[in-house]
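This report concerns only the one structure given below.
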Amino acid sequence: MNLRNKRLSDEEFFKLREDVLSHWPTGKGVDLQEAVDYLKKVPDEKNFAKKLKKAKEEGVTLAQPRAGVALIDKHIELLNHLSKEGGADLLPSTIDSYTRQNRYEECQVGIDESLKAGRSLLNGFPAVNHGVKGCREVFESVDKPLQARHGTPDSRLLAEIIHAGGWTSNEGGGISYNIPYAKSVPIDKTLYDWQYCDRLVGFYEEQGIEINREPFGPLTGTLVPPSTSNAVAIIEALLAAEQGVKSITVGYGQCGNQIQDVAAVRALEEQTEEYLKKYGYNDCVVTTVFHEWMGGFPADEAKAFGVISFAASTAALAGATKVIVKTPHEAIGIPTKEANEAGIKATKMTLNMLEGQRMAMSKELEQEINIIKAETNCMLDKVFELGNGDLAIGTVKGIEAGVIDIPFGPSKYNYGKMMPARDNQGCVRYLMTGNIPFTKELIDFNRARLEERAKYENREVGFQMTVDDIFAVGKGKLIGRPEGM
């Protein structure tokens, strides 16, 4: 493995490909030329990249749920329910946990047991085991574009099969599907494996087929400061563009203060476009995705709908291209199709009510945008410096050094010294910066905001704030105030 931020040569890519397709028998079912011919016939309304581009041009926010079950017929039934009854604009296929870990034999056992039971005994759709034929059966049975959503450090075989199956979007990246999802996978390995996924998309683009790629924005989904997730999204966008990806959707997970969230989405879109142009990627279409609340949910359904609708309103006011929908059953477990439908309907109603509305620029919004951009630049500048201009090498060194430090990441390669907490307005700030190379001005700003909260709550600035904030929404509040407040 010779990791660098350079487009994989055809020789390197096709040599790797032989090995990738041998990982499971369904890999033999991928015929690249036949897949190109198939994808060229996909109508525009079922092409993910084209639908997102149109939504951006029209200034509308599309709604997409998460969903996936083990059996093809049940999965088709579920997706059609979410499309026709729920009104989803884009369709997912959430991939099961065995596939995410490349454990295809155990996955097959789960499929066989699901067939016997007549219901899904896996927590998602096993696309690799079902192969190109199964993925096409799903694609041809629904009326909207399909995306694979998962959490797979090594998604190479999965990418081959879903794209050949007509699915025109794949979520993930070498950082965002490693640090939040895996414990012992080296960063250089996932960056290299995801270069393959991106090069595959680049190959299809060269044949005139538009395919979307989406770095996973929320990361660990728990008190991730906007500049941390934005820096990761921009890195993954630049790495993808180098491999020939043209349609890039950068994502962000709701933190809860509406001004900060709107600022984060706007800063993300603007900075991603700026960095792509700076490094010569002038023909990329950048769209944005806002993830509804990823933390603890209230068990009460009515309260859960409040969380969902608040998130949808923020997505609309930010001008996000799409929003990932949550369900009123988040606190309980895997939702029923009816619960998923209800989450989409609540989101769509909110989006419809706010159609055409955007949060107006204010002093507060402008300040948040500027702070997020400045913090993000500090991280990215140092990453490029550590790599002597090579982003892939700099990313590995930057994560090792704690320049990029993701809170609560299970990966042993994550530095783990940065600690977030909310300020008195609920914005997520840096309680401890660890080795993140912020200017003194930025460190002082974050500290001053946390001191305001400490004074209001009559306690010291400290880790207990973080703990209280993690559980707050599940208890019905955004900020984890001390007992009795």
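What to note about this one:
- Applying 1/(1 + (r/R0)^6) with r as the Cβ-Cβ distance of Lys41 and Lys6 and R0 = 30 angstrom yields a FRET efficiency of 0.35.
- Around the amide H of Ser247, modelled in the peptide plane, lie the amide H atoms of Ile211, Arg213, Val285, all under 5 Å away and 5 or more residues distant in sequence or on another chain.
- Put a dot 7 Å past the Cα of Met353, heading toward its Cβ, do the same for Thr336, and the two dots end up 2.5 nm apart.
- The chain - charge dipole about Cα centre, Lys and Arg +1 at Cβ, Asp and Glu -1, debye rounded to 20: 500
- Estimated distance in nm for a label pair at Glu483 and Glu85, the labels positioned 7 Å out from Cα along Cα-to-Cβ: 4.4
- For the cross-link pairs Lys46/Lys326; Lys54/Lys144; Lys189/Lys397, the ones whose C-alpha atoms lie over 19 Å apart are Lys46/Lys326.
- Centre separation in Å (Cα based) which lies between the stretch 173-194 and the stretch 86-101: 20
- Net length available on complete extension from Ala374 to Glu452 is 25.9 nm, with 0.36 nm assigned per residue and the Cα-Cα distance removed.
- Point-to-point label distance, Ser362-Glu77, nm (Cα→Cβ direction, 7 Å offset): 4.9
- The stretch 346-377-the stretch 1-72 distance, computed between alpha-carbon centres (Å): 31
- The residue list Phe290, Gly166, Asn129 was ranked by how far each Cα lies along the charge dipole of the stretch 10-353 toward its positive end, using unit charges on Cβ atoms, and Phe290 comes out on top.
- For the chain, DSSP calls about 15 percent of its internal beta bridges antiparallel.
- Residue-count net charge about Thr466 - beta-carbon cut-off 11 Å; Lys, Arg +1, Asp, Glu -1: 0
- Based on the Kirkwood approach, the hydrodynamic radius assigned to the chain is 22.5 Å, with every pair of different Cα atoms included.
- Debye log10 I(q)/I(0) for the stretch 214-360, one point scatterer per Cα, at q = 0.13, 0.18, 0.21 Å⁻¹: -0.58, -0.99, -1.22
- Taking 0.36 nm per residue of separation and subtracting the Cα-Cα distance, full extension of the segment from Gln425 to Asp143 would add 97.3 nm.
- Förster-model FRET efficiency, 22 Å R0, Lys412 and Gln464, C-beta, rounded to 0.05: 0.25
- Directionally averaged shadow of the stretch 418-485, computed from the convex hull of its alpha-carbon atoms, nm²: 4.4
- Once exposed loop GluC sites (Glu not before Pro) are cut out (DSSP; at most 15 other Cβ, 10 Å), longest piece of the chain: 86-354
- The trypsin sites (Lys or Arg not before Pro) of the stretch 59-143 meeting both criteria, a DSSP state outside H, G, I, E and B (loop) and at most 14 other C-beta atoms within 10 angstrom of the site's C-beta, are Arg103, Arg119.
- Helix-only CD estimate at 222 nm, as mean residue ellipticity for the chain, using -39500 (n - 2.57) per DSSP H run (n ≥ 4): -16000 deg cm²/dmol
- Ranking Phe13, Gly484, Ala63 by Cα position along the charge dipole of the chain, where only Lys, Arg, Asp and Glu carry charges on their C-beta atoms, puts Gly484 farthest toward the positive end.
- This ranking places Lys246, Lys6, Lys189 by how few other beta-carbon atoms lie within 10 Å of each, fewest first, which gives Lys6, Lys189, Lys246.
Since every read-out is calculated from the coordinates, none of them should be taken as a lab result. All values derive from a computational prediction rather than experimental measurement. Heads up, the Cβs are rebuilt from the backbone with ideal geometry, glycines too, and the neighbour counts pull from every protein chain shown.
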